[in-house]
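The values are calculated or read from the model by the stated rules, or taken from the named source; none is laboratory data. Since the structure is predicted, the reported quantities are computational estimates derived from the model, not experimental observations. Every residue, glycine among them, receives a Cβ derived from its backbone with ideal geometry; neighbour counts consider all protein chains shown. Each accessible area value is taken on the protein alone, full model and side chains, heavy atoms only, with ligands, DNA and RNA left out. Shrake-Rupley method; radii C 1.70, N 1.55, O 1.52, S 1.80 Å.
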Amino acid sequence: MKFPSIKPAAASGFLPAPLKNASPRPALLPLGAMVVAMAFQLEAHAQTAPDTAVTTQKDVQAVKETILPTITVKEARDREAKGYQGGTTRVGKTAELAKDIPQSVTVISGQLMFDRGNDTLKEALRNIAGLTFNAGEGGRIGDNINIRGYSAANDLFLDNIRDNAQYNRDLFNIEQVDVLRGSASMLFGRGSTGGVVNQVSKKPFLSNQGEAQVTVGTDNYKRGTVDVNKVLGENTAVRINAMKTDADSYRDTVSTDRTGLAASIGTGIGTRDEFNLSHMHLNYDDTPDFGTPWVNKKPMDVPVSRFYGRSSDFQKDNADITTASWVHRFDKDTTLTTALRYSNVERELHATQARLVTTTDATGNAVWNNNSQVNRGNHWRGGQDKTYTLQSDFATKFDAGGLRHNFVAGGEYAKENVQRWTFANDLTAAQNAAVANAPNSAGNPNPDSPLPAGYLDFHKTNPGSFDGTNLSLYAQDTLELTKHWKVLGGVRFDKFRVEGNNFRPVDFNVWSYRTGLMYQPLENHTYYASYGTSFNPTTEGYTANPATSEVPPEKNRNIEIGAKWDLADGDVSLRTSIFRSEKTNERNTDLPTNSGASGAVTLSGARHTDGIEIEAAGRITPNWEVFGSAAWFRAEIDKVGINANASTQDTLGKRPGNTPTHAFSLWTTYKLGGGWKIGGGLESISDRTPADNYVNIAPAYTRFDALIAYEQENYYVKLNINNVLNEKIYDTLYRGFLVPGTSRTAQLSVGLKF
């Protein structure tokens with residue numbers, strides 16, 4: 001949403017003078033005291049009258065504008081006005097411009113996602129060079145990304161509240177996506193080794209607007225979305241977003257069927273007390289795709305369309321997220337934001353993974369052809385994540401000690417209940433093995449091969465139950481030392497407790513730190529240096545067992561220097577950074593010297609990623625828009641432990657899994673006039689190895705996309721073509737297989753704005 005600057009009609013500041021001076025601002029009160037102080041202020045505001053007598057309706061309105069000035073809030077029509085530059089981000093807990101954050105931040109704007117035809121979070125993140133994707137890593141389901149070479153599977157957030165449940169995310173109710181690079185546990189708690197991804201939900205605004213879009217494309221792609229905002233009163237509005245998508249795939253047999261509905265109501269929008277209640281429901285019913293096997297250290301050379309799973313395979317995700325939030329504005333510089341969320345995500349996976357049967361030649365290479373046997377193993381598992389989160393953030397600006405302070409403090413309490421299980425049928429091991437090894441060729445796989453009676457009659461087995469509790473408090477202050485120099489310092493304490501059904505309760509008490517120095521010689525120039533820490537407990541993803549549960553958390557740090565510029569009268573943002581991200585005590589399995597004994601999990605490893613990033617976004621001319629990024633990484637495994645097992649020892653000195661050496665992403669559009677616009681871009685990445693397997697190599701690739709659009713005030717038509725040159729690409733990796741990326745596809749969208 002776009003919030004114009006707040007300008008009181010009569011008094012300077014957010015409150016009129018009598019109220020403004022009624023009591024001191026609670027600049028450094030503890031969190032509980034803030035809430036009490038807020039309640040007393042609300043009572044005082046309700047009973048205190050302004051000095052000026054009110055005798056007419058005009059006077060009443062004047063008083064209203066003095067206390068709470070009118071704010072015009074728009075969103076839908078402003079999407080193109082915002083463009084690719086992104087504007088403000090809340091990834092630092094408060095709404096800030098990216099240039100005022102001493103760390104690498106990328107804002108993927110709604111307009112960029114719209115122009116590129118992105119419909120999932122994974123597709124949106126392709127806009128950022130260097131982010132990579134894992135396939136089924138560690139038995140996970142759903143979105144699974146790497147940032148700067150480190151897993152960020154547990155570092156996904158929705159409106160700054162942790163959203164780490166395993167499911168695929170759609171963009172139908174997302175306004176923009178913010179990505180913060182580098183260690184950030186001081187802001188977000190556990191995780192964030194390489195960074196975090198924050199999705200920003202669509203919110204109600206004070207304007208009657210709507211948009212409906214229908215998209216059809218190759219591979220039977222069909223998608224419809226509706227976004228309607230309705231003003232219900234002076235400062236109340238409701239917003240409804242709905243989505244339905246049905247599509248086949250460039251992969252044989254693979255399909256997606258998903259439905260989404262989100263509703264939110266906001267009241268007091270733009271006033272002293274703003275409340276929002278929202279619920280989002282998302283349902284996926286997909287055919288999971290576990291791609292193709294590796295052969296001779298590279299992808300199995302078969303057509304991109306060839307699918308080795310079964311037509312009976314499915315992945316079902318159901319996500320329900322309810323959020324209530326309250327923003328109280330003490331004055332123009334002081335706010336208290338509190339949010340309460342309940343999240344329930346259920347998932348069920350029945351997938352097939354192909355295993356190619358080969359012979360070996362004299363040189364040790366695998367020999368196979370289209371008649372070679374392909375066995376099919378099963379991935380049958382499910383889970384449920386229930387999370388209750390209470391989060392409160394207090395922000396204020398004040399002068400003390402001759403310095404200007406921008407102070408933020410807050411706390412979070414989260415209760416998580418996680419269930420994990422696998423599925424089994426009642427067939428014997430021999431019967432299931434016969435199904436897995438049934439005749440099935442590499443050149444002509446049969447997704448509908450006969451199955452014995454009872455094969456698909458599943459029941460739950462091997463249940464795992466975890467209860468996690470996280471209590472955290474944090475504080476951060478940015479001091480303006482001089483007109484051009486600022487220094488930031490922050491600290492956070494997390495108390496994280498996990499109880500499981502197969503290990504005794506574990507407690508971790510961890511401090512996290514963040515500091516930065518900014519030099520801003522001009523309004524549109526920022527040069528900075530920063531340092532931040534993060535931690536990864538073994539239980540952060542609720543996959544612990546007796547061998548790992550009591551191992552202390554891994555520790556990480558990020559050291560970064562960079563520069564940010566706003567050019568072309570502020571229409572173009574450019575940033576660059578040089579960084580080192582380190583994991584100083586990575587988990588390993590070390591073996592005792594007597595070879596017959598089992599290994600122990602220790603913190604004996606270490607690795608790092610050095611890198612350079614460059615990014616540009618904005619309007620070069622009124623008709624020419626660009627978003628581009630480039631990244632170069634030099635990553636290495638530095639230490640594996642003296643007695644590490646052979647496979648772990650072999651990784652020493654190698655590049656970590658799914659970490660490219662370089663990557664580029666570019667998207668640009670140009671308005672031709674008369675409502676016509678053309679655009680195009682590329683995504684390019686170097687070769688990579690999968691995690692935990694440093695022999696296989698996924699080849700480098702470059703993908704080109706294109707756009708042509710015609711838009712008028714109340715409607716638009718656009719055509720997106722992805723992978724224009726039909727390049728064979730592999731973009732999602734796992735140690736046992738990899739999944740091909742899209743072949744050439746075309747999607748035609750027609751939209752109506754009302």
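Any idea how many residues of segment 324-349 are touching a Leu at 6+ places or on another chain (Cβ under 9 Å) and open to solvent by 20 Å² or more (accessible area, probe 1.4 Å)?
Number of matching residues: 9.
Please state which one of Ala165, Ala129 is farther than 23 Å from Glu416 by Cβ and either at pLDDT below 95 or over 14 Å from the mean Cα position of the chain (by Cα) (or both). Walk me through it before giving the result.
Values: Ala165 fails: farther than 23 Å from Glu416 by Cβ.
Criteria check complete, one pass: Ala129.
If you check Asn208 against the conditions, is it open to solvent by 30 Å² or more (accessible area, probe 1.4 Å), out of contact with any Gly (no Cβ under 8 Å at 6 or more places or on another chain) and under 30 Å from Val327 (Cα atoms)?
Numbers: open to solvent by 30 Å² or more (accessible area, probe 1.4 Å): yes; out of contact with any Gly (no Cβ under 8 Å at 6 or more places or on another chain): yes; under 30 Å from Val327 (Cα atoms): yes.
It is true that Asn208 is open to solvent by 30 Å² or more (accessible area, probe 1.4 Å), out of contact with any Gly (no Cβ under 8 Å at 6 or more places or on another chain) and under 30 Å from Val327 (Cα atoms).
Just to be sure before I move on: is Val214 farther than 27 Å from Phe157 by Cβ, part of a strand (DSSP E or B), open to solvent by 40 Å² or more (accessible area, probe 1.4 Å) and among the β-branched types (Val, Ile, Thr) in the structure I sent? Walk me through it before giving the result.
Numbers: farther than 27 Å from Phe157 by Cβ: yes; part of a strand (DSSP E or B): yes; open to solvent by 40 Å² or more (accessible area, probe 1.4 Å): yes; among the β-branched types (Val, Ile, Thr): yes.
Yes.
Checking Gly500 against (1) open to solvent by less than 70 Å² (accessible area, probe 1.4 Å); (2) at pLDDT 95 or above, which test does it fail?
Evaluating Gly500 over (1) open to solvent by less than 70 Å² (accessible area, probe 1.4 Å); (2) at pLDDT 95 or above leaves (2) as the failure.
For the subset of segment 386-426 comprising residues that are in contact with a Gly (Cβ under 9 Å, 6 or more places away or on another chain) and among the aromatic types (Phe, Trp, Tyr), which member is least open to solvent (accessible area, probe 1.4 Å)?
Phe394
Restricting attention to segment 442-497, which residues are open to solvent by 70 Å² or more (accessible area, probe 1.4 Å), in contact (Cβ under 8 Å) with a residue 60 or more places away in the chain and among the charged types (D, E, K, R)?
Result: Asp448, Lys460, Glu480.
With Asp273, Asp289, Asp257 as the choices, which residue is within 30 Å of Phe458 (Cβ to Cβ), at pLDDT 95 or above and not basic (Lys, Arg)? Before the answer, list the steps.
Values: Asp273 fails: within 30 Å of Phe458 (Cβ to Cβ); Asp289 fails: at pLDDT 95 or above.
Answer to the check: Asp257.
Quick test of your reading of the structure: Ile708 fulfils all but one of (1) under 30 Å from Asn296 (Cα atoms); (2) touching a Lys or Arg at 6+ places or on another chain (Cβ under 9 Å); (3) part of a strand (DSSP E or B). Name the failing condition by number.
Here Ile708 meets the rest and fails (1).
Would you confirm whether any residue within segment 536-552 is acidic (Asp, Glu), under 21 Å from the mean Cα position of the chain (by Cα) and modelled with pLDDT under 95?
Yes: one or more hits.
Those residues that are assigned to a strand (DSSP E or B), crowded, with 19+ Cβ neighbours inside 10 Å and of a type outside the set (A, V, I, L, M), I need them from segment 221-255; list them, please.
Within segment 221-255, Tyr221, Arg223, Thr225, Asp227, Asn229, Arg239, Asn241, Thr245 qualify.
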